[in-house]
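Here is the structure we will look at, set down as structure tokens.
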Amino acid sequence: MGNLRYVALDLECATSDIGNICEIGLVVMNGSEEIAHFRSLIRPVVESFGDWQRWNFSYSLNDTLDSPTFPEIWNHIQPMIEGLPVVAHNASMVECKHLASAFVHHEMQDSAIPVMYCTLELARKGWPDIEKHGIKFVAKHFEWALDHHNPESDARVCAAIVNRLSTEKGIQDWGKLVDEMQWNPHTIQLKGVHGLQKKAVKPKKKEGKNYSDDLVVWSPTGELGALAKGQRFIMSGFSLDKKKKLKRVAKSFGLINSRFMSASLHFLVADERMGAAKYKRCQDQAIPIISENEFRERLEQLPRVDPAENQFGRTQ
């Protein structure tokens, strides 16, 4: 029996400010077995969303402002990760810096700080013949499921990289895997790191046409068959309150509200008017569009599921 226990982790940030974390996802692995998982929104220090975040996250800034703080979340997950190595994709350039800033800002220098390992480095060492080693490209190469920028999904792909390479090498011990792959640990350096300033940042105005400000009348763009559990959808044209309610209803039937437009999307639910940019993507990619009423009618034909969640997210 080997000793290949570790944590795969991914973070999302509300703005480009280092350490302005607004979401975390992780999976705890024992060899190839996932023994626990966790995902939660986090209240950002800089109370703002960047342009990319506003149009790609499935949740709003207000959702994050109603969420637990970083210290609350870290205290919650600490027992899950204590004493275990933590992996992340591009860890030294992303997760290490964001975590260092968060620890300093919240005066958590005395907390147990994990040692990080980078799965981008591991993928490059293990599969040098693959053209690209970004998380999307590795997932596509091995046909692994990925909902990119869903931090729990990204973390699972990081774990899949470790699992596949350890299997290929016939190694079931963390120390042996590190030695065999000459895999370098990365420490989270707190010295010289400055905390964030707690102030709202106004998003910069884009020059030229900004489709996000437009609403258009839509027409059907493709045929949608029967709904099924696990299908992914996105909404457009609704108020934030209506989006939350529809998302909650759809989740109870096993459907997944996607964070952004992607090739894995099954359909879009639109109000009378919808965002012009999303409408153009639906036209170009023949993504079916349905109304709220049609969506609700179709949901009634599905069996209801009842996922269990606690106030911080999903745990096992």
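Numbers at a glance
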| quantity | calculated |
| --- | --- |
| FRET efficiency for ASP51 and SER239, using Cβ-Cβ distance with R0 set to 25 Å, rounded to 0.05 | 0.80 |
| Per-residue ³J(HN,Hα) for the range 38-48, Karplus 6.51 cos²θ - 1.76 cosθ + 1.60, θ = phi - 60°, Hz, x for Gly and Pro | 7, 8, 7, 6, 9, 5, x, 6, 7, 7, 7 |
| Label-point separation in nm, ARG304 to GLU168, each point 7 Å along Cα→Cβ | 4.7 nm |
| Antiparallel DSSP beta bridges within the range 211-299, as percent of all bridges there, nearest 5 | 25 percent |
| Residue-count net charge about LEU9 - beta-carbon cut-off 12 Å; Lys, Arg +1, Asp, Glu -1 | -4 |
| Filter on LYS125/LYS229; LYS125/LYS176; LYS140/LYS244; LYS140/LYS191; LYS132/LYS229 - keep pairs with C-alpha separation over 27 Å | LYS125/LYS229; LYS140/LYS244; LYS140/LYS191; LYS132/LYS229 |
| Paramagnetic label zone (point 7 Å from Cα along Cα-to-C-beta, ASN3; backbone N under 20 Å) in the range 175-196 | 175-186 |
| Stokes-Einstein D for the range 59-122, Kirkwood Rh over Cα pairs, 20 °C, 1.002 mPa s (µm²/s) | 164 µm²/s |
| Sorted peptide list for 130-141, 115-126, criterion being average Cβ within 10 angstrom, highest first | 115-126, 130-141 |
| Evaluated at q = 0.12 Å⁻¹: base-10 log I(q)/I(0), Debye formula over Cα of the range 26-183 | -0.58 |
| Antiparallel DSSP beta bridges within the chain, percent to nearest 5 | 60 percent |
| Hydrodynamic radius of the range 236-294 per Kirkwood, over alpha carbon pairs, in Å | 12.0 Å |
| Estimated inter-spin distance, LYS176 and LEU190, nm [label 7 Å along Cα→Cβ] | 3.6 nm |
| Whole-Hz ³J(HN,Hα) from phi, Karplus 6.51 cos²θ - 1.76 cosθ + 1.60, for the range 134-149, glycine and proline x | x, 4, 5, 6, 5, 4, 5, 4, 9, 6, 8, 5, 8, 9, 4, 6 |
| Neighbour-count ranking [beta-carbon atoms within 10 angstrom, fewest first] of ASP271, ASP154 | ASP271, ASP154 |
| Alpha-carbon centroid distance for the pair the range 110-177 / the range 210-269, whole angstrom | 30 Å |
| The chain - convex hull of the alpha-carbon atoms, volume per residue in Å³ | 157 Å³ |
| Distance between modelled label sites at PHE260 and ASN62, nm, 7 Å Cα→Cβ extension | 2.4 nm |
| Using θ = phi - 60° and Karplus 6.51 cos²θ - 1.76 cosθ + 1.60, couplings along the range 53-65 (whole Hz; Gly, Pro as x) | 5, 4, 9, 10, 6, 7, 10, 9, 4, 4, 4, 6, 6 |
| Length-normalised contact order of the range 211-299 in % [C-alpha pairs under 8 Å, at least 6 apart] | 42 percent |
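All of the numbers you see were taken from the coordinates with simple rules; none came from a lab. Predicted, not measured: the structure shown is a model, and the values here were computed from it. Don't worry about glycine lacking a Cβ; one is built from the backbone with ideal geometry, like all the others, and counts go over all protein chains shown.
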